[in-house]
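Chemist: Let me begin by handing over the structure; questions about it come next.
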């Protein structure tokens, strides 16, 4: 596992355009990415992804160096990258919207 | 490696790491009676399995035969209502031919619940004593068949637990053991990199076709093999989940493709194709994790590695389940249900190789008789439902001869 500038964010493969949170990181935290600080707009739970660079609608999302989906809207650098802004190339993702905090 | 593996030698040459009495209901109508027989033997390896359907299904018939003659099984009691379509005669014949004690109790013939219960409990009590006299013989690491499954996956599964299990698989395959990974519905998106690891190009084409079949099947059903909790845990798409799940297979060359109930012909790494053949019928291929675990056991797995991020508590009937927790937060909340804490990798306390070595040591200890967390807690989940499969083609096992 390579580590980007902020050790809490993992870069799994050099081609990737997302980083994975090694631990939960609170909203408002400034994290270093490629030499510049980005302030997180939401709480990022452990195991979730943030954009490593700006992503345009229709761009392929790369994690582990492999395509894991397509951006459905523009995603800013440091923005939470998940079911609300990316979609599968195969089958739609089923999820339940709820107020329960992810443990 | 500390423990010496030993096993119960069966007539087909395979060895079992447990000596279970399987009590099997052959239709849901016999489920309660079977369960009440098993309940009287909580402190013994008496496990409940069965098939709920009243209509015939070749897959279920074959699965039950493979399960009742599994090396971990020492004796079998069959519970029939009497009018179901399941062929209890051929199942009993297959078990008897394997040299195991077998009895069939038909509730309609016995005269109802209480008489069947009394007869069944007496039979099990006698055979608990018979099996207790059987001795274990030495067993080599290469005689083990180990399966792997992941469930309750989250964004940590593909970072820690699954690749660590892959390291353990690599070492088992090097030692000549048989390893099986599965769930082609959770390999969608991995078909190219997986096919490149096939022993022959023709096998690579079969691996690709199996994943394409899964993608078609799930597209027809409208959902991927993806639960709401996967998204809560940070996974966004089926192909992201797949990349994490694929890491369980390690780096070894893939020796073959099998279907549920097929016994791999020799050591090596095998993919199990669990998605039914033909048109979509009977609903989702694997309605829950235990359906996959049962299929791995039917193909001879002595034990199963179960990697979880969200926190599964499942075990299984017949074969021990070793639970590997990928997420350190989950581990802290549910440590009593886990055997290995792979989440330490995320916290910088262990490497993938170290956790891989720990998993291998757990496999050896469990095969030597040590109880897993789910065994200690009494977990014996089991589920078997309707499916349809065609036999595998000749390209699937290129080195079988």
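Chemist: Under the classification rounded if a/c is under 1.5, otherwise prolate if a/b is larger than b/c and oblate if not, where does chain A fall, given a ≥ b ≥ c as square roots of the Cα gyration tensor eigenvalues?
Modeler: oblate
Chemist: Note the full-extension length gain between residue B:281 and residue B:199 as 0.36 nm times their separation in residues minus their Cα-Cα distance, in nm to one decimal.
Modeler: Net length gain for the segment: 26.3 nm.
Chemist: Next up: Rounded to the nearest 500, what is the 222 nm mean residue ellipticity of the protein assembly as shown from helices alone, with -39500 (n - 2.57) per DSSP H run of 4+ residues and division by all residues? Let's see the in-between values first.
Modeler: Details: 14 runs with 145 residues, N = 504.
The helix-only estimate for the protein assembly as shown comes to -8500 deg cm²/dmol at 222 nm.
Chemist: Using the alpha-carbon atoms, what tilt in degrees (0 to 90, nearest 10) does helix B:113-132 show relative to the longest principal axis of chain B?
Modeler: The two axes meet at around 70 degrees.
Chemist: Taking the Cβ-Cβ separation of residue A:32 and residue B:392 as r and a Förster radius of 60 Å, what is the calculated FRET efficiency to the nearest 0.05?
Modeler: Working from the Cβ atoms, E equals 0.70.
Chemist: Still on this structure, please answer the following. Is segment B:4-121 rounded, prolate or oblate when judged by the Cα gyration tensor, a ≥ b ≥ c being the square roots of its eigenvalues, rounded requiring a/c under 1.5 and prolate requiring a/b larger than b/c?
Modeler: oblate
Chemist: So how do B:248, A:77 line up by other beta-carbon neighbours within 10 Å, fewest first?
Modeler: A:77, B:248
Chemist: Take the Cα gyration tensor of segment B:141-396, multiply each eigenvalue by 5, square-root it, and list the three semi-axes largest first, rounded to whole angstrom.
Modeler: Its equivalent ellipsoid spans semi-axes of 25, 20, 18 Å.
Chemist: Which of B:299, B:90 comes first, and how do the rest follow, when ranked by fewest Cβ neighbours within 10 Å?
Modeler: Fewest-to-most ranking of B:299, B:90: B:90, B:299.
Chemist: Right, something else. What share of Cα pairs, in percent, lie more than 28 angstrom apart in the protein assembly as shown?
Modeler: Within the protein assembly as shown, distances greater than 28 Å cover 54 percent of Cα pairs.
Chemist: Next up: For segment B:9-23 and segment B:121-170, what is the separation of their C-alpha centers, rounded to whole Å?
Modeler: With segment B:9-23 and segment B:121-170 each reduced to a Cα centre, they are spaced 13 Å.
Chemist: As a footprinting exposure proxy, order B:295, B:376 by other Cβ within 10 Å, with the fewest listed first.
Modeler: B:376, B:295
Chemist: Seen from all sides and averaged, what is the projected area of the convex hull of the Cα atoms in segment B:351-401, in nm²?
Modeler: For segment B:351-401, the mean projected area of the Cα convex hull comes to 7.4 nm².
Chemist: What is the extension gain from residue B:125 to residue B:12, computed as 0.36 nm multiplied by their sequence separation minus the C-alpha to C-alpha distance, in nm to one decimal?
Modeler: Length gained, residue B:125 through residue B:12: 38.1 nm.
Chemist: According to a simple spin-label model (label point 7 Å from Cα along Cα-to-Cβ), what is the distance in nm between residue B:263 and residue A:74?
Modeler: 6.3
Chemist: Tell me, how many Å apart are the Cα centres for segment B:79-112 and for segment B:240-266?
Modeler: Each part reduced to its Cα centre gives a spacing of 34 Å.
Chemist: Suppose a student asked you for the relative contact order of chain B, using Cα pairs under 8 Å spaced at least 6 residues apart; what percent would you report?
Modeler: Rounded, it is 22 percent for chain B.
Chemist: What translational diffusion coefficient, in µm²/s and rounded to a whole number, does the Stokes-Einstein relation yield for segment B:38-94 at 4 °C and a viscosity of 1.567 mPa s, taking the hydrodynamic radius as the Kirkwood radius over Cα pairs?
Modeler: 104
Chemist: If you average the C-alpha positions of segment B:301-340 and of segment A:40-93 separately, how far apart do those two centres end up, in angstrom?
Modeler: 29
Chemist: Other chains near B:222-228: what is the mean number of their Cβ atoms within 10 Å of each residue's Cβ?
Modeler: 4
Bear in mind that the values in this text are calculations on the coordinates, not laboratory data. Just so it is clear, the model here is predicted, and its values are computed rather than measured. Cβ sites come from the backbone with ideal geometry, for glycine too, and all protein chains shown count toward neighbours.
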